[in-house]
Amino acid sequence: MVRQLADLVSAESPSGDAWAIAHCADLLAAMGTELLGVEPERRVVDDQTHLLWRFGPRVDVLLLGHLDTVWPLGTLAEWPFSTDGDIATGPGAFDMKAGLVQGLHALSVLDDLDGVGFLVTADEEVGSTSSRALIEDVAAGARATLVLEPSAGGALKTARKGVSVYRVDVRGRAAHAGLEPEKGANALIELAHQVLRLEGLARPHAGTTVTPTVAAAGTTTNTVPAAAHVDVDVRVADGAEQQRVDVAMRALSPTVPGTAVDVSGGPNRPPLPAASSARLAARAVALAAELGLGPLATCEVGGGSDGNFTAALGVPTLDGLGAVGNGAHARGEHVVVPAMAERAALVAALVDDVRGWPGR
Ligand SMILES: [Zn+2]
């Protein structure tokens, strides 16, 4: 498993790089074909290569993962894959190439894979625009989706927040800041009003955060800015909050005379509520105990994943079944090597368990 993880990490696959993703997909396809005896279907959407292993005519249990990483090409040159004792590190090792290796090994030890699917997408880190329809198509009607995203320090992820992403564009009017500033309409001042309004949309006690992130304005130091914009990250614990914020975002209106406000974007991922994962989480905890893998912790997190899409379809979904380790999206992300086989065994047991559930 470590050798395969090394190979996958050594094939850099930043989101959006169609060639690098396809190359990494070829590598994973070969690994899976060797382990499972079946080649995956290659689904290319908008140049992005997604892989789908499907055993039998319908998918009752879906394993879900992604190939892309947040690390740009060349990261590997300064931070190559390496191991030190029980720890393996490299760009994308934890999020989530170890999970892919573990998923393939989990399926490889099961005698009967009828009704099992394993979908590996190429654009999870950038909102899954090319894979969402495929994910929903394959998951619809499944009894469960098991998401191989990394754990939170070993804990399974039983709930995830919903995510909305917006861009607020302000248009004003340029003018010379020294000669005739009164003829301008300052887009940056209007943006400042909007940013404070955005802050007011948050309801932290209800789990709703509204975070202005990237902003820019103006062209030169002596010109009244004609344009300004801010990107906004919204996280919600339930769908009603996602809707409330969406309505409020679209109602934003200007304060500074002569400016206009335009809001684009919207909800990306719906929330993954704890109710979606409750039964699977209980089974996972019981199976881990039966397998002698010690007590299994669970937690709720703010980050979204493709599991949010499958949960929104009404498919029971449990996340964080991938790598044990830490540091997703951070330099030094790492995987606990002995846990790779343990978590693969847990996923195998869960797949087997779900296959025995009555059909939906
Ligand atoms: Zn991930």
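Here, each number is a calculation from the coordinates, and none is a lab measurement. Note that the structure is predicted; figures quoted are calculated from it, not measured. Ideal geometry is used to build each Cβ from the backbone, glycine not excepted, and the neighbour counts take in all protein chains shown.
For region 1-55, what value does the Rg/Rh ratio take when both radii are computed over Cα atoms and Rh is the Kirkwood radius, given to two decimals?
0.97
Percent of Cα-Cα pairs more than 24 Å apart in region 172-264, please.
Cα-Cα pairs in region 172-264 separated by more than 24 Å: 29 percent.
Could you check the simple spin-label distance between GLU182 and GLU34, using points 7 Å along Cα→Cβ, in nm with one decimal?
My value for the distance between the label points is 7.7 nm.
Just tell me which lysines come within less than 29 Å, Cα to Cα, of LYS97; anything on the same chain fewer than 8 places away is out.
LYS157, LYS161
Rounded, prolate or oblate: which one fits region 314-360, using the alpha carbon gyration tensor with axes a ≥ b ≥ c (rounded when a/c is under 1.5, else prolate when a/b beats b/c, else oblate)?
oblate
Volume per residue, Å³, of the convex hull around the alpha-carbon atoms of region 58-116?
So the per-residue hull volume is 94 Å³.
Rounded to the nearest angstrom and ordered from largest down, what semi-axes does the equivalent ellipsoid of region 224-360 get from its C-alpha gyration tensor (root of 5λ)?
41, 20, 10
How much length would be gained if the chain were fully extended between ALA251 and THR83, taking 0.36 nm per residue of separation minus their Cα-Cα distance, in nm to one decimal?
Answer, rounded to one decimal: 55.3 nm.
Would you mind ranking ILE189, ILE135 so that the residue whose beta carbon has the fewest other beta carbons within 10 Å leads the list?
Placing the least packed residue first, the sequence is ILE189, ILE135.
Using only Cα atoms, what is the ratio of the radius of gyration of region 1-132 to 2.2 N^0.38 Å?
It is 1.02.
Treating the chain as a set of equal point scatterers at the Cα positions, no solvent, please give the Debye-formula log₁₀ I(q)/I(0) at q = 0.09, 0.11, 0.12 Å⁻¹.
-0.55, -0.76, -0.87
Take every DSSP beta bridge whose two residues both sit in the chain, then give the antiparallel share in percent to the nearest 5.
In the chain, approximately 75 percent of DSSP beta bridges are antiparallel ones.
If you project the alpha carbons of region 89-196 onto the principal axes, what extent comes out on each, in Å, largest first?
The principal-axis extents, from largest down, are 80, 35, 23 Å.
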